[in-house]
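Remarks on the structure that follows.
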Amino acid sequence: MSRLFLPLWLLAVPVAALAQATLAAGTAPLTDAALAAAGDNDAPPETQAAEDGAPASAAEDDAGAPPAEAADAAAVEGPPRGHPDNPFLGSEVTISQFLWLAHPVVVMADTPNDPAFQRQMELLRARPEALAERHVVVIVDTDPAARSEVRQRLRPRGFALVVLGMDGQVIVRKPAPWDVREISRAIDRTPQRRQEIRDSGSGG
């Protein structure tokens, strides 16, 4: 079988033409459409997100954010029980529940419309931080007909403010509203509170 031999110059012409065409195509300026297409395909996620009008870290923020339901639940939950804005009711607790855990501050009246009762609650809400520092839980009882354990034990006549120690003993009983500063001073005189202050001082 005979072989076909071509002159080298015939082979060089197509190769040279192909090289020239390739070079020309590579150096030709890109059109706007080509640039746009390249940007769509090759742009990094941050740049692409910015061009789309979305922040670069939107996906990361969404991934790290808590579910909307959890955020709503936290907002609805509000202050803890025993806070002046969320007090315990006398009908749902007993004094013994707080032994060596907290200082109960009990506000009682025959009706929640009693001006003294309303004033006392305003005073407590004005300085909740001082109460929290002394482990105070606020208990309210404005329903004499319920005959709660708290009311039967403390036996108020109309309005009464009763501050108890962590041992469950009455520290002070007042027939009129008391400021948080006065309540704090009464608690600070108890042996338990003095020991707590000494312990926190030595620890620091």
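Looking only at residues in segment 125-151 that are within 30 Å of the chain's Cα centre (by Cα) and basic (Lys, Arg), the one that is nearest to Arg193 (Cα to Cα) is Arg134.
Applying the selection to segment 169-204, what residues are among the small types (Gly, Ala, Ser), modelled with pLDDT of 90 or more and part of a loop (DSSP other than H, G, I, E, B)?
The first filter runs over segment 169-204 and keeps only residues among the small types (Gly, Ala, Ser), leaving 176, 184, 186, 200-204.
So of that shortlist, the ones also modelled with pLDDT of 90 or more come out as 176, 184, 186.
The one that is among the small types (Gly, Ala, Ser), modelled with pLDDT of 90 or more and part of a loop (DSSP other than H, G, I, E, B): Ala176.
Yes/no per residue for (1) in contact (Cβ under 8 Å) with a residue 12 or more places away in the chain; (2) among the charged types (D, E, K, R):
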| residue | (1), (2) |
| --- | --- |
| Val172 | yes, no |
| Thr190 | yes, no |
| Gln195 | no, no |
| Arg198 | no, yes |
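Condition check ((1) hydrophobic (A, V, I, L, M, F, W, C); (2) closer than 19 Å to Pro84 by Cα; (3) in contact with a strand residue (DSSP E or B) (Cβ under 8 Å, 6 or more places away or on another chain)) across all residues:
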position	(1), (2), (3)
Arg134	no, yes, yes
Ile139	yes, yes, yes
Arg147	no, no, no
Arg153	no, no, no
Ala160	yes, yes, yes
Asp167	no, no, no
Arg173	no, yes, yes
Gln192	no, no, no
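The values are calculated or read from the model by the stated rules, or taken from the named source; none is laboratory data. Every value quoted in this text rests on a predicted model; they were computed, and no experiment measured them. Cβ: placed from backbone, ideal geometry, glycine included. Neighbour counts: every protein chain shown.
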